[in-house]
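Structure record follows, encoded as structure tokens.
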Amino acid sequence: VLAYLNGSFLPRSSATVSVEDRGFIFGDGVYEVWRAVNGRLFQSDRHIARLVHGLGELRIALPDSLHSSRLGPIADRLLGESGLTDGEATLYVEVTRGAAPRTHQFPTNPTAPTVYMTVNSFKPADELRARGAAAITTPDIRWMRCDIKSIQLLPNVLAKQAAVEKGAIDALMIRNGMVTEGSHANFMGVIDGVIRTHPTNHLILPGITRTVVFEIAAGLGIPVVDEAIAEDEIEDLDEAFLTGTTTDVMPIVRVNDRPISNGTPGPITTRLVTEFRAYLDAACGAAHATS
Ligand SMILES: Cc1ncc(COP(=O)(O)O)c(C=O)c1O
């Protein structure tokens with residue numbers, strides 16, 4: 001697998017960064033993950049816009065390689081030379097404030113950001129999707145800027161680990177009695193034919209799959225209300241699902257070992273699963289292959 005690091009292409013196993021990199025020392029950086037189908041990036045401009053937002057909030061100058069005119073050719077080469085132009089893949093991009101002697105404040109000498117990109121083959125969890133997945137709940141112990149796709153993911157790591165240890169796909173994070181989102185996906189519920197999800201603010205990542213699902217739902221005439229779901233409302237949901245770049249639309253049929261409705265994917269979720277897959281394939285010029 002090929003990687004891109006600070007202007008060079010090299011085998012990923014040879015890509016190294018300084019131990020003084022502020023990403024390593026402080027988690028001082030942001031990342032982004034794109035879906036690629038048949039070598040085409042899905043929703044590329046929205047991922048770039050979110051990365052630009054995060055970099056702006058951290059006051060890291062936008063590296064040239066991340067302008068959309070440069071990123072496309074870099075991604076093409078990474079996917080092409082890694083043999084990932086057929087089928088499913090992901091593109092990972094990380095930018096940190098760069099390497100400098102350790103001080104909490106920003107380095108005083110101008111420091112070039114570290115820019116790392118790589119690609120991975122990917123297999124959507126379609127068998128689980130057909131059955132529906134389980135989730136647990138866990139306290140949302142994250143900071144107050146969850147809108148920034150920071151590389152500091154310790155609460156997310158611990159939440160996901162807790163889920164895996166319980167045989168669940170993800171942990172729904174609870175802040176002030178409300179579900180914010182999963183460890184790497186947004187959460188939506190359906191009550192009386194209406195989709196409900198946490199509002200777009202500093203407490204969640206504004207998911208790109210979430211936005212696409214909003215657009216698909218609008219096209220299908222399914223109302224979406226951005227009102228958070230309370231923890232004690234989970235058991236009353238008619239349907240529930242997660243959305244994310246590597247999650248697509250994933251039905252959640254059990255939470256903390258209690259079934260959602262009858263414990264199978266509901267009709268609105270099932271419709272969104274199908275429509276999302278069709279949208280992804282159409283956007284990436286793919287034949288309707290999986291699911
Ligand atoms: C915390 C969190 N929420 C939501 C999402 C889903 O966002 P997207 O649909 O853009 O992948 C992610 C994706 O990685 C995430 O890390």
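The values are calculated or read from the model by the stated rules, or taken from the named source; none is laboratory data. Source: prediction; values computed, not measured. Heads up, the Cβs are rebuilt from the backbone with ideal geometry, glycines too, and the neighbour counts pull from every protein chain shown. Note: areas computed on protein heavy atoms with side chains; ligands, DNA, RNA excluded. Shrake-Rupley method; radii C 1.70, N 1.55, O 1.52, S 1.80 Å.
The figures follow:
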read-out: ³J(HN,Hα), Karplus 6.51/-1.76/1.60, whole Hz, each residue of region 232-248, x for Gly, Pro; value: 7, 8, 4, 5, 9, 5, 6, 8, 8, 7, 9, 10, x, 4, 9, 9, 6
read-out: Karplus-derived 3J(HN,Hα), 6.51/-1.76/1.60, for each residue of region 126-131, Hz, glycine and proline x; value: 6, 5, 5, 4, 5, 7
read-out: Assigned charges on the beta-carbon of Lys, Arg, Asp, Glu; region 81-145 dipole about Cα centre (debye); value: 440
read-out: Amide proton proximity set for THR137, modelled H, under 5 Å, gap of 5+; value: LEU172, ASN256
read-out: Distance from region 64-129 to region 200-242 (C-alpha centre basis), Å; value: 28
read-out: Fraction of accessible area attributable to carbon and sulfur, region 84-143 (%, probe 1.4 Å); value: 57
read-out: Estimated 222 nm signal from helices in the chain, with DSSP H stretches of n ≥ 4 weighted -39500 (n - 2.57), rounded to 500; value: -8500 deg cm²/dmol
read-out: Mean shadow area of region 89-157, taken as a quarter of the surface of its Cα convex hull (nm²); value: 7.4
read-out: For region 34-176, size of Cβ-based charge dipole, Lys and Arg +1, Asp and Glu -1, in debye; value: 380
read-out: Accessible area (Å², 1.4 Å probe, nearest 10) - LEU62; value: 60
read-out: For GLN43, distant residues with modelled amide H under 5 Å away; value: none
read-out: Within the accessible area of region 210-291 (1.4 Å probe), percent carbon and sulfur; value: 50
read-out: Ranking by accessible area, most exposed first, for SER14, SER150 with a 1.4 Å probe; value: SER14, SER150
read-out: Crossing angle, helix 267-283 versus the chain [Cα axis fit, 0-90 degrees, rounded to tens]; value: 30
read-out: Long-range amide H partners of VAL190 with built H, under 5 Å; value: ARG196, ASP238, GLU239, ALA240
read-out: Residue-span extension gain [HIS67 to ALA282] - 0.36 nm each, minus C-alpha spacing; value: 74.9 nm
read-out: Mean accessible surface per residue for the chain, computed with a 1.4 Å probe while every protein chain stays in place, in Å²; value: 46
read-out: Region 187-232 - charge dipole about Cα centre, Lys and Arg +1 at Cβ, Asp and Glu -1, debye rounded to 20; value: 180
read-out: Heavy atoms of ILE141: accessible area, 1.4 Å probe, square angstrom to 10; value: 110
read-out: Prolate/oblate/rounded call for region 1-115, Cα gyration tensor, a/c under 1.5 rounded; value: prolate
read-out: Heavy atoms of TYR279 accessible to a 1.4 Å probe, total area in Å² rounded to 10; value: 80
read-out: Rounded to whole Hz, the Karplus (6.51, -1.76, 1.60) HN-Hα couplings of region 250-265, x for glycine and proline; value: 10, x, 10, 10, 9, 10, 6, 6, 10, x, 8, 6, 8, x, 10, x
read-out: Theoretical gain in end-to-end length, ARG271 to SER14 [0.36 nm per residue, Cα-Cα removed]; value: 88.1 nm
read-out: Inter-site label distance for ASP257 and GLN105 at 7 Å from Cα along Cβ, in nm; value: 5.3
read-out: Mean separation of Cα contacts under 8 Å (6+ apart) over length of the chain, as relative contact order %; value: 18
read-out: LEU220 versus ASN6: modelled label distance in nm, points set 7 Å from Cα along the beta carbon direction; value: 4.7
read-out: Top positive-direction residue, dipole computed over the chain with Cβ charges, set SER183, GLY56, ILE260; value: GLY56
